[in-house]
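First up is the structure itself, then whatever we jot down about it.
The values are calculated or read from the model by the stated rules, or taken from the named source; none is laboratory data. Quick caveat: nothing in here was measured; it's all calculated off a predicted structure. Please note: Cβ atoms are built from the backbone with ideal geometry, for glycine as well, and neighbour counts cover all protein chains shown. These accessible areas exclude ligands, DNA and RNA; they are computed on the full protein's heavy atoms, side chains included. Shrake-Rupley method; radii C 1.70, N 1.55, O 1.52, S 1.80 Å.
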Amino acid sequence: MIKVNGLYHSYSKDENFAVKNVNFEISKGEVFGFLGPSGAGKSTTQGVLTGLLPIQKGEVEVVGYDIRHPKREMFNKIGVSFEQSNVYGKLTALENLEFYRKLFDVETMNSMDLLKWVGLDHVANKKAGEFSKGMKHRLTFIRSMLNNPELWFLDEPTTGLDPAIASQIKDIVKEKNKQGTTVFLTTHNMYVADELCHRVAFIIDGEIKLIDSPRNLKLQHGEKFVVVEHLENDVLKKEQLSLIIDQDKARLNEIISTGKIEMMHTKEATLEEIFIKVTGRGLE
Amino acid sequence: MRRILNFVIRDIKSGTRDWLVIYLAAAPIMFALVLKMLIPSVGDSTLNVAIYEDTPPAIVSYLETYAKVIEVNDMEERILRMDDVFGVVVNDDKVEIVTQGNEMEGTVDLLKTIVGRYQNESVELPIEVEFSDIGWVMSPMKLEGANLLIIFNTILGGMLILLNLVEEKMSNTISAINVTPTKRKEFIIGKGLLGFILTLYGGAAVITVLGFEGINYAMLFVSVFAISFIGAIIGFSIGVVSDEPISAIASMKTVFIPVLASIFGAIYLPAKWIFILYWSPFYWAYDVIKDILLVQATWGQVFMNSGIILIITALVFVGLRKRIVNGLS
Ligand SMILES: Nc1ncnc2c1ncn2[C@@H]1O[C@H](COP(=O)(O)OP(=O)(O)O)[C@@H](O)[C@H]1O
Ligand SMILES: [Mg+2]
């Protein structure tokens, strides 16, 4: 679905790269995530892949088209949701979708059904200019799936949404993926990456540091932890111990043998913890 | 085609929401109505004749029955002034007409007829001969005003294009359109079409309100269409780099300067100075539309002027092309 080889991009057209030497491939049916803090180069990469930014250096193939020689018809197979919502404020939600729908040559989804899907059906005939930020974001999101895209670009799909709506969006992404849609998403939210992505790329300062599945990452980089709450001299103590470090393992044995454990559970390292370990920086 | 129509319908919808399209559509009618009120009635338009003090009184009184006669010392200076004044000079019973060259056609013929009649039939004047200026002269205010409004309108059309593009730039919806199968050509035509429709409609409104008879509408259509491009291109070039309407309109308004300069230049400049307007497409538009309104234009003239307009427009486009293309991506 996507092949990227040696991609560089500089807004100032010099050596000051926003994206440098990015390589990855996404196969059909996959949900692939770019995880990285703000300014890492996620949106820039999506911009080049969707043809909105000119390709300067490197090879990019998207849905079988070389992005250096794009054909307009390729966009029938692609859906793009933007980080910053961009809809016509003077048109209603429904009019926005109906206008956009008619720009495609392929069969499109029913606008009203989509509005219902994200809980905007009651404001279908309200001008989008009067919408809250979250509502505009949802409108931008559903607009990107009007043409039933084979490949779906989602730039920060849940950022700025309240948790209930964010989880609704995640469900829709999962559902569409189940129906066969390939997804490229960017996020700085480790939970989104963890929950949705088959594979994630850690990106920072325009460079991909590693690509793997969240599960593999946790297996390889994340040490499993055990959190134990135990009584020591009648004082409740809480300790987090690694199952890999010998010292921690010995300590755990010691606690178990004293037998005053109140509670004990294992805890996985989060993607963010792994991210910090790999890149030396956090996601915020 | 489907997509082009989609853009036009969207622009109409969006434009009627804030009355923009309605204002711009009403403007030519309003202007024409105001102009109509200002136009003096037929009887008021006069033929102005300048004479020397020593002109024989018989001729003076003869001329006074048809024209407003003024005595001057410096004939040449008076005639070269910006209004339409003809000179009548008498040398040994020979009457000569002095013109500047930029007077309205028809008026000269009229004066020639009057003078000719005087020379042939001597002082025996058929007093009952009256003439009205219908068919001969048109009120200059109506003629020049209509011409000005028609050309002015093309800029309003450009302004509509401008504002619809600014809307796209402001909401960053061009990016959304750029990830659909829409071809750039379709977008440009779709975004420009309404401006052209407004321009042509505005021209028709001006003609209808002011009431011109017998003019060749096909010639007018071709000429107005040709001059519409320049406003459209300027509208595009400003629109695609503006994300805020007030400053965009302010930039676009400066286009009225060459428009007004060209038209007033064409009206008031002496014939030998007209060439300094040759760079301006608005001058060429004015030139041919005037003859169309006077029912004097030929297709040859229409094609020549339109050709010149389109060549100048093409040069402007070459200069602005990069800016437009960059702005659209
Ligand atoms: N339009 C632009 N012009 C110049 N620099 C930009 C532009 N957009 C982004 N950048 C810079 O490029 C880098 C990557 O930005 P971006 O791709 O938006 O990051 P992310 O989406 O990961 O937050 C940042 O340093 C940002 O400041
Ligand atoms: Mg971003």
Cα gyration tensor category, rounded, prolate or oblate, for the stretch A:149-207 with a/c compared to 1.5: oblate
Per-pair calculated FRET efficiency, R0 = 41 Å: A:E254 and A:D66 via Cβ, rounded to 0.05: 0.10
Looking at the stretch A:81-160, which GluC sites (Glu not before Pro) are DSSP coil and have at most 12 other C-beta atoms within 10 Å of their C-beta? A:E107
Any idea how far apart A:S10 and B:I22 come out in nm if each label point goes 7 Å out from Cα toward Cβ? 5.3 nm
At a Förster radius of 51 Å, what calculated FRET efficiency corresponds to the Cβ-Cβ distance of B:W279 and A:E284, to the nearest 0.05? 0.30
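Count the DSSP beta bridges whose two residues both fall in chain A, then state the antiparallel fraction as a percent rounded to the nearest 5.
Numbers: 32 of 50 bridges.
For chain A, the DSSP antiparallel bridge percentage is about 65.
Please tell me the relative contact order of the stretch A:1-147 in percent, rounded to the nearest whole number, where contacts are Cα pairs under 8 Å and at least six residues apart. Each step should come with its number before you reach the end.
On the way: 209 pairs, mean separation 32.1, N = 147.
Relative CO of the stretch A:1-147 lands at 22 percent.
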Charge tally for neighbours of B:R3 with beta carbon under 15 Å away, counting Lys, Arg as +1 and Asp, Glu as -1, is +3
per DSSP, antiparallel bridges as share of beta bridges in chain B, % nearest 5, sits at 40 percent
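Exactly which trypsin sites (Lys or Arg not before Pro) in the stretch A:46-111 are in a DSSP loop and have at most 14 other Cβ atoms within 10 Å? Mind dumping the intermediate values first?
On the way: sites: A:K57, A:R68, A:K71, A:R72, A:K77, A:K90, A:R101, A:K102; in loops: A:R68, A:K71, A:K77, A:K90, A:K102.
In loop regions of the stretch A:46-111 (DSSP not H, G, I, E or B), the sparsely surrounded trypsin sites (Lys or Arg not before Pro) are A:R68, A:K71.
Please work out how much length the chain gains when fully extended from A:K277 to A:E59, using 0.36 nm per residue of separation minus the C-alpha to C-alpha distance, in nm with one decimal. Don't jump to the answer; show the numbers that get you there.
Numbers: separation 218, 0.36 × 218 = 78.48 nm, distance 3.04 nm.
Stretched out fully, the A:K277 to A:E59 stretch lengthens by 75.4 nm.
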Using 7 Å Cα-to-Cβ label points, what is the A:Q179/B:M75 separation (nm, one decimal)? 9.0 nm
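I'd like the antiparallel share, as a percent to the nearest 5, of DSSP beta bridges with both residues in the protein assembly as shown.
Details: 37 of 63 bridges.
The answer is about 60 percent antiparallel.
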Compare the Cα positions of A:L243, A:N233, A:I255 along the charge dipole of the stretch A:223-267 (+1 at Cβ of Lys, Arg; -1 at Cβ of Asp, Glu; about the Cα centre) and return the one farthest towards the positive end. A:L243
Size of charge dipole - chain B - debye, nearest 20, with Cβ of Lys, Arg +1 and Asp, Glu -1, no other charges: 2960 debye
Sort out the exposed loop trypsin sites (Lys or Arg not before Pro) in chain B (DSSP loop, at most 16 other Cβ within 10 Å) and tell me the longest stretch that has none. B:184-329
If the cut-off is a Cα-Cα distance under 19 Å, which lysines reach B:K112, setting aside same-chain residues fewer than 8 apart in sequence? B:K68, B:K94
Taking 0.36 nm per residue of separation and subtracting the Cα-Cα distance, what length does fully extending B:Q119 through B:M37 add? 25.6 nm
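Considering Cα pairs under 8 angstrom that are at least six residues apart, work out the relative contact order of chain A and quote it in whole percent.
Numbers: 544 pairs, mean separation 60.9, N = 284.
21 percent.
Here are some pairs, A:K133/B:K13; A:K90/B:K191; A:K42/A:K136; A:K20/A:K170; A:K237/A:K260; which of them have Cα atoms lying more than 18 Å apart in this structure?
Working: A:K133/B:K13 23 Å; A:K90/B:K191 16 Å; A:K42/A:K136 21 Å; A:K20/A:K170 29 Å; A:K237/A:K260 11 Å.
As for pairs spanning more than 18 Å Cα to Cα, those are A:K133/B:K13; A:K42/A:K136; A:K20/A:K170.
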Just to verify a number: what accessible area does A:M264 come out at with the full protein assembly present, 1.4 Å probe, Å² rounded to tens? 90 Å²
Sites B:K94 and B:M304, calculated FRET efficiency, Cβ-Cβ separation with R0 41 Å, nearest 0.05: 0.60
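So how much slack lies between B:M141 and B:S61, counting 0.36 nm per residue of separation and subtracting their Cα-Cα distance, in nm?
Working: separation 80, 0.36 × 80 = 28.80 nm, distance 2.79 nm.
Additional length available on full extension: 26.0 nm.
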Among all the lysines, which ones have a C-alpha under 21 Å from B:K272's C-alpha, if same-chain residues fewer than 8 places away are not counted? B:K290
